[in-house]
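These notes are about the structure you will find just below.
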Amino acid sequence: MKIILDLNKVYNMSWQDGFLEIPNKYIDLIITSPPYNLGGKFHTGNTRYEKAYNTYDDNLPEEEYQKQQIEFLNSCYDKLNDNGSMFYNHKPRIKQGICIHPLEWILKSNFILKQEIIWQNGSQNFDKIRFYPMTERVYWLVKNPKTKLYNEVGFSDVWKFKNAKRHPIHKATFPLDLPLTILKCFKDAKIICDPYMGIGTTGKAVTQFDDKSFIGFEIDEEYCAIANDYIYN
């Protein structure tokens, strides 16, 4: 299959459409964080854009959301080469008083769970009805149980990165140090993909390595424009 899309660019399209343009087993490493289905509808964060851009529905029925995430993970599985890795950032969520853990759907996907990393991000949630939730998860997922990384950074499975400063448009971005840490441990990974690129954090990290390239997909037109500007400026 001919590669239609150029590397080192964020495309304004869904991951579903983007994946149609690249062959299976093409990607070495995926680093991404999907919407968490926290409830509610969200626009770009700037009221002057409300009419120009559709709101994003982050309040799907949980069963539908999990089904979509399984479909997403399995599609990523197909696009990774046989020794590739995926780093999937998510978190346990409390909905209607019940903790819903990402492993509920990750373990139903085709991936092998290689490691669960605790990301201590110091989020400011001080609801006294429970112990304060201060962590998210980063899941290392593989196709081959023999897949390895080289822990050049000397980290444990507990990472302490503060959340990125809130962007005036995109409210949920992970810090640049998160993808940088992963990339340093996969020197042989040449093509990196973020199917939910947001404002370009993964792409920005990739540009700090001369021998790596990225491809990203972002369905929101405004985020995509911000990402392509941020990555190279």
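How long are the three semi-axes of the equivalent ellipsoid of the chain, in whole Å, if each is the root of 5 times an eigenvalue of the C-alpha gyration tensor, listed from largest down? Don't skip to the answer; put the middle values down first.
Working: eigenvalues 126, 100, 69 Å².
Working through the eigenvalues yields semi-axes of 25, 22, 19 Å.
Please report the net charge: other residues with Cβ closer than 11 Å to the Cβ of Asn12, K and R +1, D and E -1. Walk me through the numbers on the way to the answer.
On the way: positive: Lys9; negative: Asp17, Glu218, Asp220, Glu221, Glu222.
Result for the local shell: -4.
In whole Hz, with x marking every Gly and Pro, tabulate ³J(HN,Hα) for the stretch 217-233 from phi via Karplus 6.51 cos²θ - 1.76 cosθ + 1.60, θ = phi - 60°.
Here the 3J(HN,Hα) series is 10, 8, 6, 7, 4, 5, 4, 4, 5, 4, 4, 5, 7, 5, 4, 10, 10 Hz.
Hey, what's the stretch 91-233 come to in accessible area per residue, 1.4 Å probe, Å²? Write down the numbers at each step before the final one.
Numbers: 7780 Å² over 143 residues.
Counting only protein heavy atoms, the per-residue value for the stretch 91-233 is 54 Å².
If I take every Cα pair under 8 Å that is 6 or more residues apart in the stretch 66-198, average their sequence separation and divide by the length, what percent do I get for the relative contact order?
24 percent
Could you give the longest part of the chain that holds none of the GluC sites (Glu not before Pro) found in DSSP loops with at most 12 neighbouring Cβ atoms within 10 Å? Mind dumping the intermediate values first?
Details: sites that count: Glu50, Glu152.
Here the longest segment lacking exposed loop sites spans 51-151.
How much of the accessible area of the stretch 105-162, in percent, comes from carbon and sulfur atoms when a 1.4 Å probe is used?
Values: 2060 of 3820 Å².
Roughly 54 percent of what the probe reaches on the stretch 105-162 is carbon or sulfur.
Using the Kirkwood formula on the Cα atoms of the stretch 110-165, what hydrodynamic radius do you get, in angstrom to one decimal? Mind showing how you got there, number by number?
Working: mean 1/r = 0.0747 Å⁻¹.
About 13.4 Å for the stretch 110-165.
Take every DSSP beta bridge whose two residues both sit in the chain, then give the antiparallel share in percent to the nearest 5.
Details: 19 of 36 bridges.
Approximately 55 percent, going by the DSSP bridge assignments.
Could you go through the stretch 17-23 in sequence order and give the Karplus-derived ³J(HN,Hα) for each residue, using 6.51 cos²θ - 1.76 cosθ + 1.60 with θ = phi - 60°, rounded to whole Hz, and x for Gly and Pro?
5, x, 5, 5, 9, 10, x
Not counting the cut sites, what is the longest span of the chain without trypsin sites (Lys or Arg not before Pro) that DSSP labels loop and that have at most 11 other Cβ atoms within 10 Å? It would help to have the intermediate numbers written out before the result.
Values: sites that count: Lys2, Lys51, Lys128, Arg130, Lys146, Lys162, Lys165, Arg166, Lys171.
Answer - 52-127.
Over the chain, what is the relative contact order in percent, taking alpha-carbon pairs closer than 8 angstrom and at least six residues apart?
Details: 443 pairs, mean separation 61.0, N = 233.
Relative contact order of the chain: 26 percent.
Cβ under 9 Å from Ile100's Cβ, Ile100 left aside: what net charge do those residues give with Lys, Arg +1 and Asp, Glu -1? All intermediate terms of the calculation are to be shown ahead of the outcome.
Values: positive: Arg93, Lys95; negative: Glu62, Glu104.
Overall, the nearby charge balance is 0.
Loop only per DSSP, at most 16 neighbouring Cβ atoms within 10 Å: give me the chymotrypsin sites (Phe, Trp or Tyr not before Pro) in the stretch 94-156, ordered by residue number. Don't skip to the end; give the middle numbers.
Working: sites: Trp105, Phe111, Trp119, Phe126, Phe131, Tyr139, Trp140, Tyr150, Phe155; in loops: Phe111, Phe126, Phe131, Tyr150, Phe155.
Taking the stretch 94-156 and a limit of 16 other Cβ atoms within 10 Å, the loop chymotrypsin sites (Phe, Trp or Tyr not before Pro) found are Phe126, Phe131, Tyr150, Phe155.
Give, as a single signed number, the net charge of other residues whose beta carbon lies under 13 Å from the beta carbon of Pro145, with Lys and Arg counted +1 and Asp and Glu -1. Write out the running numbers ahead of the final one.
Numbers: positive: Lys114, Lys143, Lys146, Lys148; negative: Asp82.
Value of the local net charge: +3.
The values are calculated or read from the model by the stated rules, or taken from the named source; none is laboratory data. From a predicted model like this one, the values you see are computed outputs, not experimental measurements. Here the Cβ is made from the backbone with ideal geometry for all residues, glycine too, and neighbour counts use every protein chain on show. Heads up: the accessible areas ignore ligands, DNA and RNA and are worked out on the full protein's heavy atoms, side chains in. Shrake-Rupley method; radii C 1.70, N 1.55, O 1.52, S 1.80 Å.
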